[in-house]
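All of the numbers you see were taken from the coordinates with simple rules; none came from a lab. All figures in this text were calculated on a predicted structure; none of them were measured in a lab. Note that each Cβ is placed from the backbone with ideal geometry, even for glycine, and that neighbours are counted across all protein chains shown.
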Amino acid sequence: MELLKFFDKYDFQSLKNDLEAELISEIDESNVCLLTNCSLSSNASKLEQECEEFLHHCLKTSNPVADFDLLDKNFAMILLKNSFYHVSK
C-alpha cells in the first residue's frame with residue numbers, strides 16, 4: 001500500500017494503474033476498509049470506487065467487514081448517507 005502512495009507522489013501513472021488493478025482484484029471483507037483508506041491517501045480513485053461499491057453491497061447484505069472502526073470517518077459518513085434512499089420533501 002505504501003507503494004501505491006509512492007507511485008502517486010512521483011507520478012508513475014502506469015505502475016499506479018497496474019497496482020490499483022491488482023488491489024481491486026484482492027478486495028474482500030478482511031481488507032476492504034484498509035484498502036479504502038489506502039485509496040484515499042494515494043488518490044486511487046478506481047480503487048476507492050470499487051471499495052465503496054463493495055462496502056455498499058456488504059451493508060445491503062449485512063455482511064460483516066473487518067476493521068470498520070478504522071475506516072476514514074468522512075468516507076464512512078458519506079457511505080452511510082448514500083446507503084439510504086433520498087426522500088423528497
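Note on region 2-89: enclosed helices (runs of 4 or more DSSP H) holding 1 or more residues that are free of Cβ contacts under 8 Å to residues at least 24 places away in the same chain and exposed (fewer than 14 other Cβ atoms within 10 Å of the Cβ) are 2-9, 13-25, 45-61, 73-82. Checking each residue in region 58-79 for being closer than 17 Å to SER41 by Cα and β-branched (Val, Ile, Thr) picks out only ILE78.
Suppose we filter region 47-75 for residues that are more than 10 Å from the chain's Cα centre (by Cα) and aliphatic (A, V, I, L, M); how many remain?
At the first step, the residues of region 47-75 found to be more than 10 Å from the chain's Cα centre (by Cα) are 56-70, 73-74.
Applying the additional criterion that residues be aliphatic (A, V, I, L, M) yields 59, 65-66, 70.
Total satisfying the criteria: 4.
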